[in-house]
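See below for the structure under consideration.
The values are calculated or read from the model by the stated rules, or taken from the named source; none is laboratory data. Since the structure is predicted, the reported quantities are computational estimates derived from the model, not experimental observations. Quick reminder, even Gly has a Cβ in these numbers, built from the backbone with ideal geometry, and neighbours come from all protein chains shown.
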Amino acid sequence: MTVAPHPALSANLATPTQAPAQRDDAPIELSTLRLPTPPVPPDTCVIDVAQLFLDANYAGLLSLPIVAADGAPVGMISRYELMRVFLQPYGRELFGRRPISVLMNHAPLVLSVETSIGDAARAIAQHIRSPITDDFVLVENGRYVGTALVLDVLRAVEGRLADRSTELERAYVRLKSSQAQLVQSEKMASLGQMVAGLVHEINTPLGYVRNNVEMTRGVLADASQLIVAQQAALDALLGGDVVADAQARLDEVETLRLRVDPAALDDTAALLDDTLHGVGQIGDLVINLKDFSRLDQAGAQKADLNHLVASALKIANHILRKRGIEVVHQPGELPPVECAPAQINQVLLNLLTNAAQAIEHERGRIVVATRAVEGRAMVLIQDNGKGIAAENQARIFDPFFTTKPVGEGTGMGLAISRQIIEQHGGAIRMTSSVGQGTRFVVVLPLRAVVREAA
Amino acid sequence: MSDALPCVLFVDDEERILRSLRMLFRGRAEILATTSGREAVELVRSHRVHVVVSDQRMPGMTGVDVLREVAACSPPTMRILLTGYADLDAMTASVNEGEIYRFVEKPWDAQRLIATVEQAARIAMDEFDAQASRGAEPMAAKPAVTAERAAAHVLVLDEDGAIAAQVRELLPPAVAVTRAGDLESALEALATQNVAVMIAQLSSADGDVADALKQLKRLRPAMLAIVLSSLRDSRLLLGLINEGQVFRFLLQPPPRELLRRALIAALERHEALRTQTRLLRRHDVEAPARAPAATISARVLGAWRRLREATVARIA
């Protein structure tokens, strides 16, 4: 026996639910899980309802909706409840002819077809009892439109989670590669800045070295001519040449002597001293640069942190000097620190550059101190610059965060610095007050497990 | 040139540079030297300084800052930047604000530096002399608006016409504005008209336009060039300064007000150059480092020839 659909609902149930056709980005709604289960009127007798459960079409359903003549769902009757009644002695005889409304669950889970799968899953979790005996009712504007299975909701949630995790995985891969690019461009940006400074630092001594050498060469050429002429004159005099000849040679000596300025000869010594100094400076810069980049040394090694600091100060010198900043360097006793020196150099240069850029007045002062504290090495870099506004302090280590003008900072410097220090098992901390200055403290364990940097 | 030695002021924060330069110019100039930009400006105020040679990167005042102040307080003093490295922003400022005569790189060539400084010194000495004989009349006094000035002619070399339209809008109607879509027509216009100011867009560093500007400065020293470019190429600008005496260099797109001021300044300077031809020497240029002809097409060369003839005819 079958129960005719409620006349008021027949139109609604004429079309079967379409296969879920969802877009990836739109939240899935319950409407996609709707089953056009014909509703059961509340006055249907229990026997007839039991018969419905035997129908193959209803085999997958845990419960059937009970819907009033006006389309409002009033309850649900579960296969479980009927079985419970029929298993009782005389249960079938006692209840068989009574309306289903006496046995039905008066408070079934009723959800709007517009409910998202996520919300539905939450509602089910709150409503459901073990064992799961009921599915739930779908309504549109309060009127019955079908039922949906708890199992289908679970499947949809699971499918959505799988999609999400694939998406997350893709986003992660994208982020990872763009971060690698950014790290690279930050490196290039600081490299460009460093090269500009170094070019200036090298060209300055090169300027006077070249000029001094050119001038000295001129003076020496004149002087050597004079010596040759003097020798010839002397030979002429001692050799007893004709007097006129000797006189001619002496005249030549006299002319040459006028050309050789004795003051210029005296100055030559000073010029050569400067030249040696300049060549030494260029040599220092080259050694420092090599130390700094550690092109010939990779990975972790025991390094003298004070040496790294001194080398970073030398590299940053052009920025500091350009701004007329006084550097107070206070190296403390430090045991060797196990680290990747090139990476620590990058951090130090970044902190020094930031400190210099934060100073906008002419009494700039940067204190750089090192200290050993309880098996750790500490570097302190403190400036008396403009400080970091309170609202920015929490964000300064965030990737992309920068207060510098567009094109001057990538916003990656401190993010990379922190990453490097943390990879060394260390920590980097900042305190700052606006108008007073900023202090960065880097703490490194003496023995670090250096992981490969990004 | 009088027998007295010119006075040259060197500014560099490295004492050894100063010592070296002092020695190089001993007997050739009366030398002042300082490591401080501020002191340099004071020296120019208190002495008659013919040439200032300044480094760019110095603590406190930069070279451009020094030269800008020198230009303001002693216009006849010639200004040279001598530096180991200057970024494009500093170079642009040295043109637009410092109106420098030469940009020299460290390490320098001693003989060329001597020649450059001596040339600058001769120009400045003449200028100081002329100023003395003229009385207190300052060199950079704004010329009165004369009929000739009202008839000034501005040529815009501009492929798409946008800049020409902006220039037209910024200038009073009395100033004629001609647009040339390519170099050839620009040269034709130059051959037939008395162009006071030329505005050129530079889109490639080694194109004909940069070479043409350098050549033009030799043929028509009174014509002033305003270059607009989005190329951040310091080599290009170095050439435009030393070999082309570019009057203004503006990064594209130029802010309206900046372009307007550049145009007005150029028209006024042109007027000063036209009426006081002695000042033309302040704009003289170095021989180009490479010959331009190799890159210039036959058609452009034809226009060149006509332009030369026109120039010779005008001078004669």
- Task: Would you mind finding the one in B:Leu171, B:Leu155 that is within 23 Å of B:Arg220 (Cα to Cα) and buried (at least 19 other Cβ atoms within 10 Å of the Cβ)?
- Result: B:Leu155
- Report, by residue number, each residue of segment A:55-78 that is surrounded by fewer than 17 Cβ atoms within 10 Å (Cβ to Cβ), at pLDDT 90 or above and out of contact with any Pro (no Cβ under 8 Å at 6 or more places or on another chain). A:Asp70, A:Ala72
- Run down A:Gln179, A:Gln247, A:Gln225, A:Gln231 and say which single residue is over 30 Å from A:Asp267 (Cα atoms) and over 60 Å from the mean Cα position of the chain (by Cα). A:Gln247
- Whichever residue in segment B:89-107 is in a loop (DSSP other than H, G, I, E, B) and surrounded by fewer than 23 Cβ atoms within 10 Å (Cβ to Cβ) and, among such residues, is nearest to the other protein chains (Cβ to nearest Cβ): B:Pro107
- Task: Check segment B:59-67 and report whether any residue there is free of Cβ contacts under 8 Å to residues at least 24 places away in the same chain and either surrounded by fewer than 23 Cβ atoms within 10 Å (Cβ to Cβ) or within 13 Å of chain A (Cβ to nearest Cβ) (or both).
- Result: no
- Message: Tell me whether segment B:11-28 contains one or more residues that are in contact with a strand residue (DSSP E or B) (Cβ under 6 Å, 6 or more places away or on another chain), touching a residue at least 12 places away in the same chain (Cβ under 8 Å), away from every other protein chain (no Cβ under 13 Å) and over 23 Å from A:Leu198 (Cα atoms).
- Response: no
- The one condition in (1) over 22 Å from the mean Cα position of the chain (by Cα); (2) within 19 Å of A:Gly192 (Cβ to Cβ) that A:Val309 fails to fulfil: (2)
- Query: When B:Gly244 is evaluated against the numbered criteria (1) among the small types (Gly, Ala, Ser); (2) farther than 18 Å from B:Arg102 by Cα; (3) not in a helix (DSSP H, G or I), which criterion, by number, is the only one it fails?
  - Reply: (2)
- Query: Looking at A:Leu352, A:Leu308, which one is in contact (Cβ under 8 Å) with a residue 24 or more places away in the chain, in contact with a strand residue (DSSP E or B) (Cβ under 7 Å, 6 or more places away or on another chain) and assigned to a helix (DSSP H, G or I)?
  - Reply: A:Leu352
- Residue check for A:Thr275: at pLDDT below 90, in a helix (DSSP H, G or I) and within 30 Å of A:Met215 (Cα to Cα): no
- Would you confirm whether any residue within segment B:49-57 is assigned by TED's automatic domain parsing to the domain that holds B:Glu118 and over 19 Å from the mean Cα position of the chain (by Cα)? yes
- Unique match (being within 14 Å of chain B (Cβ to nearest Cβ) and in contact with a Pro (Cβ under 6 Å, 6 or more places away or on another chain)) among A:Gly278, A:Gly197: A:Gly278
- Using the structure shown, decide if A:Arg371 is at pLDDT 90 or above and assigned by TED's automatic domain parsing to the domain that holds A:Pro331. yes
- Task: With respect to B:Glu39, determine if the residue is touching a helix residue (DSSP H, G or I) at 6+ places or on another chain (Cβ under 9 Å), of a type in the set (Asp, Glu) and away from chain A (no Cβ under 13 Å).
- Result: no
- Can we say A:Asp284 is surrounded by fewer than 18 Cβ atoms within 10 Å (Cβ to Cβ), closer than 30 Å to B:Ser234 by Cβ, away from chain B (no Cβ under 14 Å) and not β-branched (Val, Ile, Thr)? yes
- Quick one: how many residues across segment B:42-58 are closer than 16 Å to A:Asn211 by Cβ and within 11 Å of chain A (Cβ to nearest Cβ)? 1
- Message: Taking the criterion of being in contact (Cβ under 8 Å) with a residue 60 or more places away in the chain, in contact with a helix residue (DSSP H, G or I) (Cβ under 6 Å, 6 or more places away or on another chain) and either within 12 Å of another protein chain (Cβ to nearest Cβ) or assigned to a helix (DSSP H, G or I) (or both), would at least one residue in segment B:79-88 satisfy it?
- Response: yes
- Message: I'm told B:Asp206 meets every condition in (1) touching a Ser or Thr at 6+ places or on another chain (Cβ under 9 Å); (2) in a loop (DSSP other than H, G, I, E, B); (3) of a type outside the set (Ser, Thr, Tyr); (4) at pLDDT 85 or above except one. Can you identify the failing condition by its number?
- Response: (4)
